[in-house]
Every structure is written in structure tokens, then in C-alpha cells.
Amino acid sequence: MSTSHWPEWADALAAMNERDRAAAVALRDRFAELGETEPEHAAYSEITENIPQLARFLALRHIWPRLIDNWTDPGALERVPAARRLLAAGADRDDLARVARSAAYDTAFALLYSLSADGRDYEAPEDTPGWVLMETTPEDELTGRMVQALHEDLVTMDPSGRDGADFLFE
């Protein structure tokens, strides 16, 4: 999430009414508890822009470790017959892991884009339905707030803090 236009946290709180200030502090604390690296910015955006940032964060936070970084786990490459053959032929394990991580990132990005930005199958007839992702309450009731453009924040969810630089930008 870009921080260039965000006010200082104390200034942002001072500008809010009491209800929004209490909600922002509670939300910041929840973001921090869950591991968001910029909890003040996420809380500020959710309160002032009405963007469901907590739902976005929760939807994205497991993608990197479970779908991208898991290719560096012991035995992960060996589960793929082609990778097993390449390793047996002397291929560099780190290079193969970078290839797999890059493919996993590209796949996750494209899927997130398709699910949360497009909302339509443009090859289908015009009278076919589209879709949206919606935030829900803990009781699974729709809030009416759409969870959009998840692909935009995927790279920022790299737990290493490198935004994928170790395999996306070499």
C-alpha cells in the first residue's frame, strides 16, 4: 500500500470524530495483531475511504507463504516429475525454485485479477452474469463492501519484505 498521501497517525486521529477515532484505533490494533506491516495506514484507509482493508489483508496474507514461498520447502521441487529430472541432471535447486515461485506468483496475480478486478468473462455472451467478491461479517452476512483489485497488493505481501525482488526482478 503506498504511503505517500497518508497523514501522520496522530494528525489523522485528531481529524476524526470520536466514533471513527475509536474504530481506527481498534482496527489498527487488529491489523498489528494479525501482522500487517503498516497497520496505521490500513486502518486509516478503511475508516476514511471505506475500503475493506482488513478483508483484503486476510484474503491475501496466506497466498505468499502457501503458494509462492512453499517452492523453497524441502521436497517441494521433487514432487514435480520434470523438476525432479532437472535436479537429477544437475540443475541448480535455487534457480528451479525461483522459476517455480515466479510461475506461482504470476498464476496467483492473474487469478486475483480475474476474480477481483474483471468480474466478467469477456468471451461469453453479453447477457451472461458477472461476479464480485464481497466482505462479510463474522456471521457471514454481506456488508455491501466489495473486495476489489486484490492483485494490486499481492507483491507487497512478500513476508521477506523484498516485494519479490529475489525472483521477479533479477
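The values are calculated or read from the model by the stated rules, or taken from the named source; none is laboratory data. In this text the structure is predicted, and so the values were computed from the model without any measurement. Counting neighbours? That spans all protein chains shown, and the Cβs are built from the backbone with ideal geometry, glycine included. Note: accessible area is taken over every heavy atom of the protein model, side chains too, but ligands, DNA and RNA are not part of it. Shrake-Rupley method; radii C 1.70, N 1.55, O 1.52, S 1.80 Å.
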Which of the residues that make up the range 57-78 are over 15 Å from the mean Cα position of the chain (by Cα) and not in a helix (DSSP H, G or I)?
ASP73, PRO74, GLY75, ALA76
Would you mind telling me which numbered condition in (1) in a helix (DSSP H, G or I); (2) over 30 Å from ALA104 (Cβ atoms); (3) touching a helix residue (DSSP H, G or I) at 6+ places or on another chain (Cβ under 7 Å) MET16 fails?
(1)
Subset of the range 37-56, residues within 11 Å of the chain's Cα centre (by Cα) and either small (Gly, Ala, Ser) or closer than 12 Å to ASP158 by Cα (or both), comes to ALA55
Any chance you could count how many residues in the range 133-162 are open to solvent by 70 Å² or more (accessible area, probe 1.4 Å), of a type in the set (A, V, I, L, M) and touching a Leu at 6+ places or on another chain (Cβ under 9 Å)?
1
Give the number of residues within the range 93-110 that are under 25 Å from LEU133 (Cα atoms) and surrounded by 15 or more Cβ atoms within 10 Å (Cβ to Cβ).
4
Give the residue that is surrounded by the fewest Cβ atoms within 10 Å (Cβ to Cβ), with candidates limited to residues of the range 42-69 that are touching a residue at least 40 places away in the same chain (Cβ under 8 Å) and more than 18 Å from GLN148 (Cβ to Cβ).
PRO65
Restrict the check to the range 113-125 and report whether at least one residue is open to solvent by less than 50 Å² (accessible area, probe 1.4 Å), aliphatic (A, V, I, L, M), over 12 Å from the mean Cα position of the chain (by Cα) and closer than 29 Å to PRO39 by Cβ.
yes
Since ALA104 meets every condition but one in (1) in contact with a strand residue (DSSP E or B) (Cβ under 8 Å, 6 or more places away or on another chain); (2) within 19 Å of SER160 (Cβ to Cβ); (3) small (Gly, Ala, Ser), which condition does it not meet?
(1)
Test GLY90 against the criterion of being in contact with a Gly (Cβ under 8 Å, 6 or more places away or on another chain), among the small types (Gly, Ala, Ser) and either surrounded by 12 or more Cβ atoms within 10 Å (Cβ to Cβ) or over 21 Å from HIS41 (Cβ atoms) (or both), and give yes or no.
no
Exactly one of (1) more than 30 Å from ALA100 (Cβ to Cβ); (2) aliphatic (A, V, I, L, M); (3) at pLDDT below 95 is unmet by LEU27. Its number?
(3)
Check whether at least one residue in the range 75-86 is open to solvent by less than 50 Å² (accessible area, probe 1.4 Å), touching a Pro at 6+ places or on another chain (Cβ under 7 Å), closer than 23 Å to LEU168 by Cβ and not basic (Lys, Arg), and report yes or no.
no
